[in-house]
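Report on the following structure.
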Amino acid sequence: MTANDKGSEPDVDELHAWCVELATGAAEIVRRGRGDRSAIGAVGTKSSDTDLVTDVDRATERWLRAQILQRRPSDTVLGEEAGTTVGRGGVRWLLDPIDGTVNFVLGLPLYAVSVAAEVAGEVVAGAVVNPVSGEVFHARRAGGAFLGDERLDGPRSVDLPAAVIATGFNYDRGMRTRQIDVAARLLPKIGDVRRLGTAALELCFLAAGRVDGYYEAGLHEWDHAAGALVAAEAGCVVSGLRGRAVSGVMVAAAGPELAAGLFALLEEYGADEVTG
Ligand code: IPD
């Protein structure tokens, strides 16, 4: 990787390559950190007593920020642990050093580094890397989605009553009570639900056909930016419901055949009305 011209128009192929390189490098830090009991032991809480952060989350984000600063020092960076550093460069980087921190702490092998690059309000490149499996999911806007070198083409063709839908629950206890009501109404209409604990990987798993759909309210941009691009580039419909764009209110995603039916149920049950 070479230093980039700070003032130039961002090259999307280069941003894509950098997302993969940054997420892969950060995943190695996370992988090593999992072996260091003292780092995992230093668990703190954030928005609620179940929203965890470790020294590994913080160290990994510091490394990512330092790498970006070297290459494109004027860009804006939004990271889960250190917030926003506003710059005047053409790119906004969205970083989740460990998506699935609770799984990381437990040693459940479903967590990932997520890195996305946004230009003019649109995520143009992203990578999600699982440090345990070594899987590298990545996508470039209008360039397809990949698991390593393998092109991803989204979930199987399945009817709603057989579909396996992933979802997640917010750290806020009031919100999760409303979310479980929605899930309870949805469950009899679908095949099954999965709660994997990592939005970034769940969206990538949708792209890879490991689940048939996904929805969640209350996510942050760093949770879904890269994964949503991977899912969209694999041919999935990724939406905020009721014609809205993806946001913290709702991220819903499914293959084109399932999307209309699933999204209609989610709208009927108010899956996008649980925040706040
Ligand atoms: C969390 C995970 C989880 C989702 C939460 C997120 P974090 O991210 O993506 O699956 O349900 O809403 O906050 O806190 O592990 O980075």
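Each value in this text was obtained by applying a stated rule to the coordinates, not by laboratory testing. Remember, it's a predicted structure, so these values are computed and weren't measured experimentally. Neighbour counts run over all protein chains shown; Cβ positions are idealised from the backbone, glycine included.
Tabulated results
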| item | result |
| --- | --- |
| Where N is the number of residues in the chain, Cα Rg divided by 2.2 N^0.38 Å | 0.96 |
| Fully extended contour minus Cα-Cα distance, from ALA82 to ASP13, at 0.36 nm per residue | 22.1 nm |
| C-alpha center-to-center spacing [the range 252-269, the range 55-69] in angstrom | 36 Å |
| Added length on full extension, which subtracts the Cα-Cα distance from 0.36 nm per residue, ALA66 to ARG156 | 28.4 nm |
| Convex hull of Cα atoms in the range 22-150, direction-averaged projection (nm²) | 8.1 nm² |
| For the range 182-212 and the range 115-174, distance of Cα centres in Å | 12 Å |
| Estimated FRET transfer efficiency when R0 is 25 angstrom, pair ARG37-ALA142 (beta carbons, to 0.05) | 0.05 |
| Diffusion coefficient, µm² s⁻¹, Stokes-Einstein with Kirkwood Rh over alpha-carbon pairs of the range 156-276 at 37 °C and 0.692 mPa s | 240 µm²/s |
| Kirkwood Rh and Cα Rg combined as Rg over Rh, evaluated for the range 155-206 | 1.00 |
